[in-house]
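Please read the structure below before turning to the comments.
The values are calculated or read from the model by the stated rules, or taken from the named source; none is laboratory data. Model, not experiment: these values are computed from the prediction. Cβ placement follows ideal geometry from the backbone for every residue including glycine, while neighbour counts extend to all protein chains displayed. Accessible surface areas use protein heavy atoms only, side chains included; no ligands, DNA or RNA. Shrake-Rupley method; radii C 1.70, N 1.55, O 1.52, S 1.80 Å.
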Amino acid sequence: MAEDSKRSGRRGFLRDGLWGAVVAGIGGLGGFLLRKNSKDDTVWQIDPYTCIACGNCATHCVLEDSAVKCVHAYAVCGYCRICFGFFGPEPANIDTGAENQLCPTGAISRTFIEDPYYEYSIDEELCNGCGKCVKGCNAFGNGSLFLQVRHDRCVNCNECSIAVACPTGAFRRVSAKEPYIVKSVRHA
Amino acid sequence: MVGSVDNNSVEGNAGDVFYRTAVRTAVLSGLFCLIVGGFLIYNYVMRTGADERRVNELDELKVEVQNKPDDEQLIARFRKLDLQVRKTRVRRLDFSRRGGYLLFGGAIVFFAGLLWVVSFRRKVAYPKGGIDYDEIQIRESALSRRSVGVGAIGLAVAGLLLAITIGPEFPTGASDGLTLSGGLVETWSSFRGLGGSGVYEWKDEVSSSWNGKSGEGIIWKSEVSLSGYGSPIVWKDRVFVSGADANSREVYCFDAVSGERLWASVLPKIAEANAVELEVMEDTGYAASTMVSDGRRVCAIFANGNVGCFNFEGKRLWSVGLGVPDSTYGYASSLAIYRNILLIQYDQSYADAGKSVIKGLNVLTGDILWQTPRPVSSSWCSPIVIKAAGREQVITCSDPLMIAYDPNNGAELWRADCLGGEIASSPIYTGEVVIGLEPYTKLVGVRPDGHGDVTKTHVAWSVDAGAPDICSPVSNGELVFLLTTDGTLSCFKVSDGSAVWEHQLKGDFKASPSLVNGRLYILSEQGVMIIADISAGFSELAQCALGERCYASPAFADGRIYIRGVKNLYCIGSDSKR
Amino acid sequence: MRRFLIFMYFSTFLSVGAGAVLGAERFPPPEFVETHHQIPSPTLPGPRVDVYEYLDVVVLAAALCLSSYLVLKRRSRKWILGLMLFSLGYFGFWRQGCVCPIGAIQNVTLSLFDSDYAIPLTALLFFLLPLLFTLFFGRTFCAAVCPLGAMQDLVALKPMKVARWLESGLRLLAWVYLGSAVLFAATGSAFVICRYDPFVAFFRFSGSVNMIVVGLCLLGVGVFIGRPYCRFLCPYGLILRQISRISKWRVTITPDECIKCRLCEDSCPYGAIREPSGQWDREYYVKSKKRLGILICLVPVLVFLGGLGGWLLRGVTSEVNSRVRLADRIYMEETGQVEDTIDASDAFRSTGVKAEVLYEESAGIVDSFGRGGWFVGGFLGLVVGLKLIGLSVKRGRSDYEAERASCVACGRCFEYCPREQVRLKNLREAVGKA
């Protein structure tokens, strides 16, 4: 028995020492990381200038109805009669017929303002984030349509699945206080 | 298993009803979960199967509608299908969401039922006797040690297998130089070498004496099947030339060391592109454009607008037809390359016909990445790619503009209205100015750091000169040398365009002069290379006769000279180099 | 009409030549002279107000306190089960299992190695709180607070005994998982714990088909082998195991003294109960001392070999990094090994960066994986060495104990103990005395 207690005494000492070391370690780690701590939490967002509208946003989100939707920066829009984000490459007629539109879900609406200007708006409920309109607008228009992560839908995964699949690395962590990167008018 | 005695007495009669209820709940909710799960799986399969097919059908219908935009019935059919597709999408999303909740609810009931069932079937502990724990513990420790050891070894083996099969493809060591930016001294991979300058520097002496008839100084000579006036290009141990006649367009590859012809590949006919009859001037021929290489592939363009790309083994990677160019003397502009973009200066007809264009093709696939229309007339000179004023620029000359473009996207950087006539001399960049020529008329120097129309601001000087109509100029940074077809060699200062001296050479000249280790190498049509020192005026050092007519400018690589005669390709140098 | 449109389309396309990919407009801003229409601003939902994240920390702390109390003081399986269900509901289905302490390992690692990333306070607390509680009370987090553990615990209906040697061997997988998760997080390449979380798809009600199948399989396995993820895969569990070994208080099967009645032997679905250790005879004692000596000397060798292996595997591990994969793709396209280009390579070429720069950058990343490989591999070698040593040392157990490292504090064993029944006043004291 004496041998046992001696052993347990040694073991117990070792254990206590290790315990103290681990407490100190955790405290140290916590303190170190706290000093580095940012005031803001981060959320995911798409850099619209890097995005090429490849279509992965619609298919790779963990949510079935993707959290990425198209946004319209009206200030950049040219209000064109023939909008390259609204109309497909060879529209049969210039009207809002489904056969003339790019959008597969009919989420863009076209309103006449005055000659020759039309306003185009996006219904988020219908938009699926496929980016076809973004591609058309970037290629031939002003690039006023762009994709953004909507934070009323996004679950803010620790590692965004779309970010992993993005071919251009357009996904970044941004501060949760200013979570949107909106395209603005650039003066050459 | 817990205990070894099946103790049924735990479930008394009073508990029977509850037990049966528990079992029933579990079974029913389990079935419910299975059914809902089955529907969800069906939903998913439909989403990725039948729905996709309907979308494809819709795309096809769209094309039909575009072909017949006035067909009301077709449009109505399209709209009906489109509405169906959209409704289905929303329906599927709703179904998955609701199904998910139902499944969740069912699963809760199921697991609650299961736990309830299990709580009835708990067995009482009944430890077995006669177990020698000491022995078991010792054996278990031994087995565990072994299993950890085996596990560790197994992981190591698996890791090694992975390490052998998977790994980075790209070169992790020092670059082997074979990249899309080229520019090695061991290559002369475009018309007149790097930046189209015609300047060659080699650490040793470059041969300055040879004789075609006796064979002295000539390492090898190989016959080229079809003739062409394009220069040879060299990449390390391979030399490429292109040749063509009215029926066939071919690319040849020779071994730079032995001169053995490694392969000859044919460019196929491209039907629509060749629909128009092609007429070329005899002096231009069908393969006047020099090829270009990026170290992995070679590209060639021919007089009928066909462009072909081959890998170093001769396999044709792609070919496109740009359409027969409307060019009086036959298309002669050589190719240029910038990274993975093949640059083609496609000038035609007159400026107001609007046919001239510069194209950037993806050298990997042949797709047109960009094309920019040029408000210029036909030209027979070649574009050069330079880095100046902190930007990569491709400089082109034609009547009436010298235009610089961004090779990445074809955006115009600057233009200068300073040229005219039928220009076949390519521009050069001296480090200070870009020098362009207007045949018989003038020599201009333009600073390449401008934006937009720089006619009034960046034309450093413009001097009257009897400028050549075919040969391109060459410069050592301080002096620029011009050579006319009848042999008038003139020297001007780069700083202000002032004339320095003039010298008359004997012979006719189509090939452009080159500067090799600071000396002028000028090749005449008669096949004579005139080598001269220009440190203080013109001082002829040697004349080397090849014994064959030559029209193409020579190429220099590895300390050797590659000359293409009308029939043969020559490699000139001293054998001791290899 | 159509021809006109095609012409418009193509001429617009051609006149695009003046670049302006980045924002210089092709079409000038509109001027509304008649209607004076106001240009609206884009609709943006407000920033994400996640007050829940701070509530989570509070709930986590409360749940940990409650769990520790229930396991150590109250000793009631029913209550533990109840807390488990609450945690599954709150941390699992309500908060959808993200951010969890297991994934927080990666956030901590990334913030240590990447100066641009600062770990959010909530993630840091999620990482540290369970560690602190385990330091005092043992693995009370695993039983009643972790939603993944709760899921597995609920399906453990017919748990079989897993041979101890099999457990030891399979746990190496968890160490490899931890090592690679740390390596990938440290190089900023991937969060593999999040990517391969088997149960998060259930919490979110959506996810990739592969992970749902894996999750179902794991649950299926979990019916017969209790808590397979916890025992053989969970990287956080490994940390908790080590900390639990030195915790101030521990989970005990008996409330006071063990009478060695053996009734608890088969009560643990996770094989955590150890019987009292027997005597070793002299011969075996000498042999085991020799073996221990050899193993201790073997440790530095194993560390070196492990580190070497980690370095050798840098070509494999670096493929997780997207930059390295891009460099691979670009090189294969340039050398003609693949015919086409993909979105990523097109996008790279349009940035104007030279391929050699990419190769250099990627070679640097491979090197950093090599350096990291030395550490992670060496660490794994150390783990193997220490495991072997641990399996050669004699444990001085006099009672039936829940092994500190393995016990997840589920509380199932409590009611099997007669001393516990005495405490609950279901048995009279006389039964307890010899």
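Identify the single condition in (1) open to solvent by 20 Å² or more (accessible area, probe 1.4 Å); (2) of a type in the set (Phe, Trp, Tyr); (3) facing chain C (nearest Cβ under 9 Å); (4) out of contact with any Pro (no Cβ under 8 Å at 6 or more places or on another chain) that A:PHE112 does not satisfy, given that it satisfies every other one. Status for A:PHE112: all satisfied but (3).
Matching residues to (1) modelled with pLDDT under 90; (2) under 24 Å from the mean Cα position of the chain (by Cα):
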position: B:GLU223; (1), (2): no, no
position: B:SER231; (1), (2): no, yes
position: B:VAL234; (1), (2): no, yes
position: B:ASN247; (1), (2): yes, no
position: B:GLU250; (1), (2): no, yes
position: B:SER258; (1), (2): yes, no
position: B:VAL266; (1), (2): no, yes
position: B:THR284; (1), (2): yes, no
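With respect to the conditions (1) of a type in the set (Lys, Arg); (2) under 17 Å from B:GLY527 (Cβ atoms); (3) within 22 Å of the chain's Cα centre (by Cα), B:ARG297 lacks only one, and its number is (2). Checked across region B:504-526, the condition of being in contact (Cβ under 8 Å) with a residue 24 or more places away in the chain and over 22 Å from B:PHE556 (Cβ atoms) holds for no residue.
At pLDDT below 95 and surrounded by fewer than 20 Cβ atoms within 10 Å (Cβ to Cβ), is that true of C:PHE136? It is true that C:PHE136 is at pLDDT below 95 and surrounded by fewer than 20 Cβ atoms within 10 Å (Cβ to Cβ). Residues that are over 29 Å from B:GLU201 (Cα atoms) and within 14 Å of chain C (Cβ to nearest Cβ) occur in region B:433-452; there is at least one. Note on region A:81-154: enclosed strands (runs of 3 or more DSSP E) holding 2 or more residues that are more than 30 Å from A:PRO179 (Cα to Cα) and modelled with pLDDT under 90 are A:108-114.
The rows are residues; the columns are (1) closer than 30 Å to C:ASP153 by Cα; (2) within 14 Å of another protein chain (Cβ to nearest Cβ); (3) open to solvent by 10 Å² or more (accessible area, probe 1.4 Å); (4) without any contact (Cβ under 8 Å) to a residue 12 or more places away in the chain.
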{"site": "C:LEU64", "(1), (2), (3), (4)": "yes, no, no, no"}
{"site": "C:TYR69", "(1), (2), (3), (4)": "yes, no, yes, yes"}
{"site": "C:TRP94", "(1), (2), (3), (4)": "yes, yes, yes, yes"}
{"site": "C:VAL99", "(1), (2), (3), (4)": "yes, yes, yes, no"}
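Of C:ALA104, C:ALA118, all but one fail to be assigned to a loop (DSSP other than H, G, I, E, B), more than 14 Å from chain B (Cβ to nearest Cβ), under 29 Å from C:TRP374 (Cα atoms) and of a type in the set (A, V, I, L, M, F, W, C); the exception is C:ALA118. Within region C:350-376, can you find the residues that are surrounded by 19 or more Cβ atoms within 10 Å (Cβ to Cβ) and under 30 Å from B:LEU361 (Cα atoms)? Correct list: C:ALA355, C:LEU358, C:TYR359, C:SER362, C:ALA363. Those helices (runs of 4 or more DSSP H) of region C:235-318 in which 3 or more residues are open to solvent by less than 30 Å² (accessible area, probe 1.4 Å), in the same structural domain as C:ALA104 (by TED's automatic domain parsing) and within 24 Å of C:ILE105 (Cα to Cα) occupy C:235-245.
Just to be sure I understand, how many residues within region C:189-209 are under 21 Å from C:TYR177 (Cα atoms), open to solvent by 30 Å² or more (accessible area, probe 1.4 Å) and modelled with pLDDT of 90 or more? Looking only at that region, the number is 3. Determine whether B:ASP367 is within 14 Å of chain C (Cβ to nearest Cβ), of a type in the set (Asp, Glu) and in contact with a Leu (Cβ under 6 Å, 6 or more places away or on another chain). No: the conditions fail for B:ASP367.
Among the residues here, A:CYS54 does not qualify as within 11 Å of chain C (Cβ to nearest Cβ), over 15 Å from the mean Cα position of the chain (by Cα), in a loop (DSSP other than H, G, I, E, B) and modelled with pLDDT of 90 or more. If you scan region C:379-401, which residues turn out to be of a type in the set (Gly, Ala, Ser) and either surrounded by fewer than 22 Cβ atoms within 10 Å (Cβ to Cβ) or in the same structural domain as C:ALA272 (by TED's automatic domain parsing) (or both)? The answer is C:GLY390, C:SER392, C:GLY396, C:SER398.
Residues checked against (1) among the hydrophobic types (A, V, I, L, M, F, W, C); (2) closer than 22 Å to B:VAL224 by Cα; (3) in the same structural domain as B:LYS221 (by TED's automatic domain parsing); (4) in contact (Cβ under 8 Å) with a residue 12 or more places away in the chain:
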| site | (1), (2), (3), (4) |
| --- | --- |
| B:PHE538 | yes, no, yes, yes |
| B:CYS544 | yes, yes, yes, yes |
| B:GLU548 | no, yes, yes, yes |
| B:ALA555 | yes, yes, yes, yes |
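Of all residues in region B:88-122, those being over 44 Å from the mean Cα position of the chain (by Cα), farther than 29 Å from C:LYS78 by Cα and basic (Lys, Arg) number 3.
What are the pairs, 6+ residues apart or on separate chains, where a residue within region B:255-266 that is over 18 Å from B:CYS299 (Cα atoms) and in contact (Cβ under 8 Å) with a residue 12 or more places away in the chain has its Cβ under 7 Å from a residue that is among the basic types (Lys, Arg) and surrounded by 15 or more Cβ atoms within 10 Å (Cβ to Cβ)? Correct list of pairs: B:ALA256/B:ARG238; B:GLY259/B:LYS221. Picking from residues in region C:210-227 that are β-branched (Val, Ile, Thr), more than 12 Å from chain B (Cβ to nearest Cβ) and open to solvent by 60 Å² or more (accessible area, probe 1.4 Å), the one that is farthest from C:VAL408 (Cα to Cα) is C:VAL214. Does any residue of region B:172-189 turn out to be of a type in the set (Ser, Thr, Tyr), out of contact with any Leu (no Cβ under 6 Å at 6 or more places or on another chain), surrounded by 17 or more Cβ atoms within 10 Å (Cβ to Cβ) and at pLDDT 90 or above? No - not one qualifying residue is present in region B:172-189. Within the span defined as region B:121-143, one or more residues are of a type in the set (A, V, I, L, M), in contact with a helix residue (DSSP H, G or I) (Cβ under 9 Å, 6 or more places away or on another chain) and at pLDDT 90 or above.
Taken over region B:87-137, the criterion of being more than 10 Å from chain C (Cβ to nearest Cβ), open to solvent by 50 Å² or more (accessible area, probe 1.4 Å) and over 30 Å from C:SER267 (Cα atoms) is satisfied by B:LYS87, B:ARG89, B:VAL90, B:ARG91, B:PHE95, B:ARG98, B:LEU102.
For every residue, the table says whether it meets (1) more than 10 Å from chain C (Cβ to nearest Cβ); (2) surrounded by fewer than 19 Cβ atoms within 10 Å (Cβ to Cβ); (3) not polar (S, T, N, Q).
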site: A:CYS130; (1), (2), (3): yes, no, yes
site: A:LYS135; (1), (2), (3): yes, no, yes
site: A:GLY169; (1), (2), (3): no, yes, yes
site: A:SER184; (1), (2), (3): no, yes, no
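Answer yes if at least one residue in region A:117-128 is more than 8 Å from chain C (Cβ to nearest Cβ) and within 15 Å of the chain's Cα centre (by Cα), and no otherwise. Taking every residue of region A:117-128 in turn, at least one turns out to be more than 8 Å from chain C (Cβ to nearest Cβ) and within 15 Å of the chain's Cα centre (by Cα). Pairing each residue of region B:64-76 that is more than 8 Å from chain A (Cβ to nearest Cβ) with any residue that is open to solvent by 50 Å² or more (accessible area, probe 1.4 Å), provided the two are 6+ apart or on different chains, yields C-beta distances under 8 Å for B:LEU74/B:GLU64; B:LEU74/B:LYS68.
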